[in-house]
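Comments concern the structure below.
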Amino acid sequence: MRVVITRNNLKSDVKFSNASALCFVLTGAAMWRMNGAAQQSTPHMNRDEKTLILFKPDCVRKNLSGIILQRLLAEGFRLRAMKMIQLDDAILREHYGHIIDLVIDGEPLFPKLSFFMQTSPVVALVLSGPGVITRVRSILGPTNSMKAEKGTIRGDFGTNSMLNICHASDSPESAEIEIKRFFKPEEIFDNVD
């Protein structure tokens with residue numbers, strides 16, 4: 001599969017295998033952004049921003065929520081909101097709308113993903129801090145846990161592209177949309193320092 005990505009007038013022409021393509025589709029252009037982060041100046045790195053993180057069912061079932069939260073907060077991020085929720089098909093269709101019709105090896109992905117995301121509650125949280133979006137994604141490691149280095153959260157605790165412990169917003173635009181999807185304004189506490 002060949003994909004041409006254009007962002008900020010930069011083009012990247014990348015060839016993917018099926019496994020890599022799945023990772024790419026699940027995260028949008030996040031993998032390219034992470035790989036290009038060292039090469040590009042990111043003006044939002046010094047700006048205080050917010051990101052949404054979901055501790056997925058594999059994280060919750062393995063009782064890793066506290067460990068993962070501790071690792072994230074140790075980086076100096078501020079916790080702005082947190083709750084445990086049971087996701088349903090409607091919110092998952094909205095959240096994963098960009099891959100709802102994706103077929104991998106002749107099988108639709110969304111039914112498996114939706115089933116997995118409903119196997120237990122998830123923990124949704126909002127973190128803030130300078131460059132939090134890029135920094136959290138770096139701490140997590142690549143979407144495919146099998147390719148994540150030890151020392152990253154997915155490298156230490158994940159299994160594969162679906163059982164990868166956490167979801168994290170991949171851009172300021174998606175963070176804003178995702179935070180509104182999972183939290184009401186009155187559930188976010190920006191004034192706690």
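The values are calculated or read from the model by the stated rules, or taken from the named source; none is laboratory data. Since the model is a prediction, treat every value here as computed from it, not as a measurement. Here the Cβ positions follow ideal geometry from the backbone for every residue, glycine too, while neighbour counts run over all protein chains shown. Side chains included, ligands, DNA and RNA excluded: accessible areas come from the protein's heavy atoms. Shrake-Rupley method; radii C 1.70, N 1.55, O 1.52, S 1.80 Å.
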Fill in: Inter-probe distance in nm under a simple model that places probes 7 Å from Cα toward Cβ, at Asp105 and Asn63
3.3
Practice prompt. Would you please put 50-56, 154-160, 102-108 in order of how densely packed they are, using the mean number of other Cβ atoms within 10 angstrom per residue and starting with the highest?
Written response: 50-56, 154-160, 102-108
Worksheet item: With contacts defined as alpha carbon pairs under 8 Å and 6 or more residues apart, what's the relative contact order of segment 39-193 in percent?
Response: 36
Discussion item. Taking 30 Å as R0, compute the FRET efficiency from the Cβ-Cβ separation of Ile85 and Arg47 and round it to 0.05.
Written reply: 0.55
Practice prompt. Take the cross-link list Lys83/Lys150; Lys62/Lys150; Lys62/Lys83; Lys56/Lys147; Lys83/Lys147 and give me the ones stretching past 24 Å between alpha-carbons.
Written response: Lys83/Lys150; Lys83/Lys147
Worksheet item: Taking square-rooted eigenvalues a ≥ b ≥ c of the alpha carbon gyration tensor, is segment 79-137 rounded, prolate or oblate, where a/c under 1.5 means rounded and, failing that, a/b exceeding b/c means prolate?
Response: oblate
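Whole number in Å², please: accessible area per residue of segment 51-126, 1.4 Å probe, ligands, DNA and RNA not counted.
Value returned for segment 51-126: 48 Å² of accessible area per residue.
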